[in-house]
Amino acid sequence: MPNIHPLVIFFASIFTSNMVFSNFLGMCSFISVSKEIPTAAGLGIAVTFVLSITTVLNYLVYHYIMVPFGLEYLQYIVFILVIAAFVQLLEMIMERYMEQLYYALGIFLPLITVNCAILGVSLFMVIRNYTFMQSLFFGVGSGLGWLLAILSMAGIRSRIKEANLPAGLRGPGITLIITGIMAMAFIGFSGIVQIS
Amino acid sequence: METILITVAVITVIAAILALLLSLADKYIADYGDVELTINANEPLTVSAGNSLLSTLRDEKIFIPSACGGKGTCGYCKVKVLEGGGPILATEKSLVTAEEAANGVRLSCQLKVKNNIHIEIPEELFNVREFEAEVIGDDHVTKTIKRMRFKLPADLDFNFKPGQYVQLKAPPYEGSDEEVYRAYSIASSAGDHGHLELLIGYTGGIATTYVHQHLKQGDTVDINGPYGDFYYQDGDSDILLVAAGTGMAPIISILHHMRDNNIQRKARFFFGAKTPDDLFMTDELKQFEKDLYDFKYLPTLSRVTDDMAWDGDRGRVNVSIEKYVEDGGNYTAYLCGSPQMIDSIVESLHQKHIPDEAIFFDKF
C-alpha cells in the first residue's frame, strides 16, 4: 500500500499520469467524439461519472468478495461485468433525465463500456495496492484527467476545422499527431509528482 | 473442484445482483407511463411508453415491414412522424436521407416512444396481420425451388392483392442463432382465404436454408403481411407478365385472380430461364391457357444447347419482347425478378413505347 496522500494521487491522475496522455487509454472515443466541445464535454462528464463510481464499486467487489474467496484472477471478468452493468444503468438515467445529453452522445454512450480507461483505472488500482480513499481519488482524478484531455482536444479541433491541412491528415490523422504533441507537453508535469 | 464451485457461485451472485439492479432500474427509471399514439389523425391510442415505435405498433397489431427484425439495418420500417419523435438519431442517419429527415421520416425501430406522438402510415398497413401458419405442402418444383403451401388459422381475416408479398420468420436453428424475416411474394389465389403458397428458392441464406433444410410438413411458421405496392391493376389494356425464377410467384397469383374473376383481357407471360430443367409449374400454366380469355405462356431459355429437348424460344426475355410485343400497343406490364433483369426489360419496353406509368415491377 503506497504511502501517498489521496490528494496527491488526485492531482497526479489529472496531470502527471493522465490516462490519455501518459497511458494512451480510451483513445477510440477520445478521437471519435472530440470534434465538438459540447459533445466532448458530455462524454467527458459521463466518463468521469462512470469512472468514479465503477472504481469504488470494483474496489469493494475486489476487496470484500474476490480477495476473501481467493478469486483475484477473475478481476478482468468481474470488473468488466460491473462496468457494463453500470453503463447500462447510466444510459437509462440519462435517457430519462438528461435527454439532450443522451441524444448528443448517441451511440458513443454505450461505447463507454469498452473505454479502456475505465477498466484500466480499476486494474491500476489493484496493481498499485491503493486504499479505498486512494482508489476513490484516483477514479475521480482519472475521470477529470480524461475530461481535461478530451476538452483540450475538442478546443483545438474546433479551431483547426478551417485549417488548410493536407487531405490525408484531416480527421483522425491530425488528431493523433496533436495527441502526441499534447502528450509531450504533459511530460512537463511529470517532474512535479510521480504515482506509478 | 472446490475452487470451481466457489468461482461459479461468486460470479453467479455478482451477475445476479447486477441483473436485479438493472431490472429494477428498467422497472422504475425506464418506466415512461402511458402516452397517446395518434395514427393518421385517427382517434389516439393509449400505449405504454419506453419501447420502440415499431414494437409499440406491433403491440397494437399494426405491422410495419421490417426485414431485419428491428436492428436498424434494412431501412424498411420508415414512418412519417408529424409530432413527438424527438431529434433524428445517429443510428438512423445512414438509412434516412436528408430530404426524408426534413419531411419527418424516421426509422420506427430506432425511435423510442416517450411522449405523445403523431405519425402517418399508409392505410393499407392496417390490413397487415401476423399469424402462425401450418406447412401442409413442400414440393420441390425444381432442384432449388420449393413450393410451400400453408394452412392459415381458421379465424384469420387475411386479405391481399394479387402481387403482394408476406414476410416469413426464420427462427434460430442449428447453424443460425438469429431470428430473421424475409419477404416472399404470394403465389396463391387471393380468393383462397384458408391457404397461402410461396415459391422459395434456395440461395444458401438464413431463411432459405431454414425453409429448405429444416421446415417440414406439420410445422408452423410465423408470417406477417401483406405488403407491397406491386399488384394487379384494374383496366382494359393488354397485359404483359415477365418473370424469372421465383419471380413467377406474383404472376401466378395475378393469373389466379384473372381466372377467379373471369377477367377478359389479353395476357402474355414471358418467363426467362436457363435450361428446360429450370421451367416449373408448366402444367398449371398450360391450364391457365385453357381457362383464361386470351392467355399465352411464352418461356424462353438462354442456355439451351442442341442436345436438350427444346423447341421453344431461345435467348433472353428481351428477345421475346422484341418478337411478340407490338410497338405502341396498349399494355400494362408486371415484371418480377432481379434488378438487372428488370432494368433491361424496362429498357426493352421503353423501346416499344410503353410508358413508365404502365410498368409495375418488383425487384428482389
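Rounded to the nearest 0.05, what FRET efficiency do residue B:42 and residue B:130 give with R0 = 25 Å and r taken as the Cβ-Cβ distance? Could you check? Don't jump to the answer; show the numbers that get you there.
Values: r = 20 Å, r/R0 = 0.82.
Computed FRET efficiency for residue B:42 and residue B:130 comes out at 0.75.
Which shape class applies to chain A: rounded if a/c is under 1.5, otherwise prolate when a/b exceeds b/c and oblate if not, where a ≥ b ≥ c are the square roots of the Cα gyration tensor eigenvalues? Each step should come with its number before you reach the end.
Values: a/c = 2.22, a/b = 1.38, b/c = 1.61.
Judged from the Cα gyration tensor, chain A comes out oblate (a/c at least 1.5, b/c at or above a/b).
If you average the C-alpha positions of the range B:44-107 and of the range B:157-209 separately, how far apart do those two centres end up, in angstrom?
Comparing the Cα centres of the range B:44-107 and the range B:157-209, I get a distance of 23 Å.
Just how far, in whole angstrom, is the range B:240-286 from the range A:82-99 if you go by their alpha carbon centroids?
56
According to a simple spin-label model (label point 7 Å from Cα along Cα-to-Cβ), what is the distance in nm between residue B:264 and residue B:102?
5.2
Taking amide H positions as placed 1.01 Å from N in the peptide plane, with prolines and chain starts having none, which residues 5 or more places from residue B:314, or on another chain, fall under 5 Å of its amide H?
Here the answer is B:301, since their amide H atoms fall under 5 Å of that of residue B:314.
Quick one: accessible area per residue over the range B:296-364, 1.4 Å probe, rounded to a whole number of Å²? Please list the in-between numbers first.
On the way: 3870 Å² over 69 residues.
Ligands and nucleic acids excluded, the result is 56 Å² per residue.
What is the set of long-range amide H partners of residue B:116 at a cut-off below 5 Å, with H atoms built 1.01 Å from backbone N?
B:36
Pull up the DSSP beta bridges for chain B and report the antiparallel fraction as a percent, rounded to 5.
Within chain B, antiparallel bridges account for around 60 percent of the total.
Under 5 Å between amide hydrogens, which residues at least 5 positions from residue B:241 or on another chain qualify, with H placed 1.01 Å from N in the peptide plane?
Those qualifying (amide H under 5 Å, at least 5 residues apart or on another chain) are B:268, B:269, B:270, B:334.
May I ask which residue of A:51, A:187, A:12 lies farthest towards the positive end of the charge dipole of chain A, with charges of +1 (Lys, Arg) and -1 (Asp, Glu) on Cβ and the Cα centre as origin?
Of the options given, the answer is A:187.
Residue by residue, what Karplus-based ³J(HN,Hα) values in Hz, rounded to whole numbers, does the range A:30-35 have, using 6.51, -1.76 and 1.60 with θ = phi - 60° and x for Gly and Pro?
4, 7, 5, 9, 9, 7
For the range B:261-364, just say rounded, prolate or oblate: build the C-alpha gyration tensor, square-root its eigenvalues into a ≥ b ≥ c, call rounded for a/c under 1.5, and beyond that prolate if a/b exceeds b/c, oblate if not.
Numbers: a/c = 1.74, a/b = 1.18, b/c = 1.48.
Here the range B:261-364 falls in the oblate category.
For the range B:140-242, with only Lys/Arg (+1) and Asp/Glu (-1) charged at the beta-carbon, what is the dipole magnitude about the Cα centre, in debye rounded to 20? Don't skip to the end; give the middle numbers.
Details: 9 positive and 14 negative charges, 97 e Å.
Magnitude of the dipole: close to 460 debye.
Enumerate the residues in the range B:120-142 having an amide nitrogen under 18 Å from the point lying 7 Å beyond the Cα of residue B:61 toward its Cβ.
B:123-133
Given a 1.4 Å probe and the protein chains all in place, what does the accessible area of residue B:2 round to, in Å² to the nearest 10?
Per-residue accessible area (residue B:2): approximately 140 Å².
Given labels modelled 7 Å from the Cα in the Cβ direction, how far is it in nm from residue B:31 to residue A:164?
The answer from the label model is 6.2 nm.
Run the helix sum for the protein assembly as shown: -39,500 (n - 2.57) per DSSP H stretch of 4+ residues, divided by residue count, reported at 222 nm to the nearest 500 deg cm²/dmol. Show your work: numbers first, answer last.
On the way: 17 runs with 222 residues, N = 560.
After summing the helix terms and dividing by residue count, I get -12500 deg cm²/dmol.
Report the net charge of residues surrounding residue B:108, where surrounding means a beta-carbon distance below 11 angstrom and charges are Lys +1, Arg +1, Asp -1, Glu -1. Before the final figure, lay out each step's value.
On the way: positive: B:58, B:78, B:80, B:106, B:112; negative: B:92.
Charge balance near residue B:108 sits at +4.
Residue B:303 to residue B:120: FRET efficiency via 1/(1 + (r/R0)^6), r the Cβ-Cβ distance, R0 41 Å, to the nearest 0.05? All intermediate terms of the calculation are to be shown ahead of the outcome.
Working: r = 48 Å, r/R0 = 1.17.
My answer for the efficiency is 0.30.
So what's the net charge close to residue A:155: Lys and Arg +1, Asp and Glu -1, counting the other residues with Cβ under 13 Å from its Cβ? Could the numbers behind the result be given before it?
Details: positive: A:35, A:157, A:159, A:161; negative: A:36.
Spelling it out: positives minus negatives among the neighbours equals +3.
Is the shape of the protein assembly as shown rounded, prolate or oblate, going by the alpha carbon gyration tensor and its root eigenvalues a ≥ b ≥ c, with a/c under 1.5 for rounded and a/b larger than b/c for prolate? It would help to have the intermediate numbers written out before the result.
Numbers: a/c = 2.55, a/b = 2.24, b/c = 1.14.
Prolate, because a/c is 1.5 or more and a/b exceeds b/c.
With all protein chains present, calculate the accessible area of residue A:81 using a 1.4 Å probe and round the result to the nearest 10 Å².
60
Quick check: residue separation of residue B:83 and residue B:340 times 0.36 nm, minus the Cα distance between them. What number comes out in nm? Show your work: numbers first, answer last.
Values: separation 257, 0.36 × 257 = 92.52 nm, distance 3.95 nm.
Stretched fully, the residue B:83-residue B:340 segment lengthens by 88.6 nm.
Which whole-number percent is the relative contact order of chain B (Cα, under 8 Å, 6+ apart)? Before the final figure, lay out each step's value.
On the way: 704 pairs, mean separation 43.6, N = 364.
Relative contact order, chain B: 12 percent.
Residue by residue through the range B:256-273, what is 3J(HN,Hα) from phi via Karplus (6.51 cos²θ - 1.76 cosθ + 1.60, θ = phi - 60°)? Round to whole Hz and write x for glycine and proline.
4, 4, 5, 6, 4, 9, 6, 7, 9, 10, 5, 9, 10, 10, 9, 10, x, 8
Counting Lys and Arg as +1 and Asp and Glu as -1, what is the net charge of the other residues whose Cβ lies under 9 Å from the Cβ of residue B:202?
Details: positive: B:143, B:146; negative: none.
In short, +2.
Kindly write out, for the range A:13-27 in residue order, the coupling ³J(HN,Hα) from the Karplus curve 6.51 cos²θ - 1.76 cosθ + 1.60 (θ = phi - 60°), rounded to whole Hz, with x marking Gly and Pro.
5, 7, 10, 7, 10, 4, 4, 7, 7, 10, 10, 6, 9, x, 6
Report the calculated FRET efficiency for residue B:143 and residue B:90 (r = Cβ-Cβ distance, R0 = 35 Å), to the nearest 0.05.
Details: r = 45 Å, r/R0 = 1.29.
The pair residue B:143/residue B:90 has a calculated efficiency of 0.20.
The values are calculated or read from the model by the stated rules, or taken from the named source; none is laboratory data. Being a predicted model, the structure only gives us computed values, none of them experimental. Cβ coordinates were reconstructed from backbone atoms using ideal geometry, including for glycine residues, and neighbour counts include every protein chain displayed. Ligands, DNA and RNA are stripped out before the accessible areas are found, and what is left, the full protein with its side chains, is counted by its heavy atoms. Shrake-Rupley method; radii C 1.70, N 1.55, O 1.52, S 1.80 Å.
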